[in-house]
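First up is the structure itself, then whatever we jot down about it.
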Amino acid sequence: MTKTILRALAGETLPTPPIWMMRQAGRYLPEYKATRAEAGDFLSLCYNPELATEVTLQPIRRYGFDAAILFADILLVPQALGADLWFVTGEGPRLSTITTQADFDKLKPLADIHETLNPVYETVRILSRELPSETTLIGFAGAPWTVATYMIAGRGTPDQGPAHALREESNALFEALLDRITEATIDYLLMQIEAGAEVVKIFDSWAGSLKGDDFRKYALEPARKITAALKAKHPSIPVIGFPREAGDGYIGFAKATGVDCVALDNSVSPEWAAANVQVDGCVQGNLASRHMVTGGQELVDETRAIVKAFSNGPHIFNLGHGITPDADPENVQLMIDTVRNG
Ligand code: CP3
């Protein structure tokens, strides 16, 4: 029996959509917090294959999701390329910045990234042995634009201002950085696939701030390049693209990039997305994460509405973005029960 997520990704319309959740291993779960404390800090957890395996499996044990997503972070690629990376509690990531040619020239050659990333491949290998036979293993990486926004600014930014400034003022350097990240991402995802990832997802969390021709050049084109390179070696491995807040940019995204599935954020209505995006193939999404905090009848109604809107085509149920630390684990169960039992 083929796994449900792989059937949906192959274009099958299933009576009940398979389900997993962005950030399903995370701080809303007491068992995650305990393992993270054991690891010491977030990055030590990412680079410890036994503990990263443990936190990946925790939401599978608790809820029986149809997919497990590798526990790691999109910012491990910049670190592997030579950027300094640390996390400030309560604030988020900090990195050394890349704003000049001299900064760029200090990055490590591609062949050296695996030194840093080897523990991640080991996590994938252990997971592919330990996961239940019905659970799909998803690997991932950040999309080049999103990763570049952190590498340029040295932190998360509300409007990606520093990255847009470099794009305008030093376009050749900006494009060289995007190309380097694209190449590293291809190698990184190929290694995850060779270690046992059955699907890969490309997170372009800040795609929404690219407009017009910039969206085409810096969101569509890198996703197309990465997908083509992966498919050249592993044609049967499905790719999920997540150009978050792309709005009208979701239309035709799968065709333009070759991805097998488009993940939708919750700023688009499921009815609109069914008519404009799902017509080209599988979609994933798109319940607002706040329902995992607020729960109740609103959660049930909204979950049912999403399942119904996407019921005439291939669909994987998910949130529109990651679950937040203030979520109630019981609301996650309520969402799953509603998807599975109507
Ligand atoms: O989804 C999963 O469960 C898999 C693991 C995963 C993490 N980050 C773990 C994580 C995945 C797929 C990511 C992707 C990621 N990381 C993205 C793209 C998706 C998105 O959310 O838009 C981005 C932009 C990052 C970068 C990042 N990592 C930020 C901005 C932060 C700080 C914000 C926050 O939520 O704390 C992180 C930290 C992070 N990555 C945590 C987890 C579980 C929390 C760290 C902790 O335990 O303190």
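The values are calculated or read from the model by the stated rules, or taken from the named source; none is laboratory data. These numbers were taken from a predicted model, which means no experiment stands behind them. We place every Cβ from the backbone using ideal geometry, glycine too, and count neighbours over all the protein chains shown. To get the accessible areas, we keep the full protein, side chains included, count just its heavy atoms, and leave off ligands, DNA and RNA. Shrake-Rupley method; radii C 1.70, N 1.55, O 1.52, S 1.80 Å.
A residue that is within 16 Å of the ligand (Cβ to nearest atom), under 23 Å from VAL279 (Cα atoms), not in a helix (DSSP H, G or I) and not hydroxyl-bearing (Ser, Thr, Tyr) cannot be found anywhere in the stretch 205-214.
Residues that are small (Gly, Ala, Ser), under 19 Å from the mean Cα position of the chain (by Cα) and closer than 30 Å to VAL307 by Cα are absent from the stretch 43-66.
Going residue by residue through the stretch 248-261, is there one that turns out to be more than 18 Å from PRO18 (Cβ to Cβ), in contact with a Phe, Trp or Tyr (Cβ under 8 Å, 6 or more places away or on another chain) and not polar (S, T, N, Q)? Scanning the stretch 248-261, I find at least one residue that is more than 18 Å from PRO18 (Cβ to Cβ), in contact with a Phe, Trp or Tyr (Cβ under 8 Å, 6 or more places away or on another chain) and not polar (S, T, N, Q), so the answer is yes. Against the numbered list (1) among the polar types (S, T, N, Q); (2) away from the ligand (no atom under 16 Å from the Cβ); (3) in contact with a helix residue (DSSP H, G or I) (Cβ under 6 Å, 6 or more places away or on another chain), THR149 comes up short only at (2). Taken together, the residues in the stretch 183-204 that are open to solvent by 10 Å² or more (accessible area, probe 1.4 Å), under 21 Å from PHE242 (Cβ atoms) and assigned to a helix (DSSP H, G or I) amount to 6. Elements of the type helices (runs of 4 or more DSSP H) sitting completely within the stretch 1-114 and holding at least 1 residues that are open to solvent by less than 20 Å² (accessible area, probe 1.4 Å) and within 16 Å of the ligand (Cβ to nearest atom): these cover 4-9, 30-39, 42-46, 49-63, 76-80. The residues listed here are LYS308, LYS255, LYS225; of these, the one that is touching an Asp or Glu at 6+ places or on another chain (Cβ under 8 Å), more than 16 Å from the ligand (Cβ to nearest atom) and in a helix (DSSP H, G or I) is LYS255.
Each row is one residue, and each column tells you yes or no for (1) open to solvent by less than 40 Å² (accessible area, probe 1.4 Å); (2) not in a loop (DSSP other than H, G, I, E, B).
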| residue | (1), (2) |
| --- | --- |
| ALA232 | no, yes |
| SER236 | no, no |
| PHE242 | yes, yes |
| ASP248 | no, yes |
| VAL259 | yes, no |
| VAL262 | yes, yes |
| SER267 | no, no |
| GLU271 | no, yes |
| ALA274 | yes, yes |
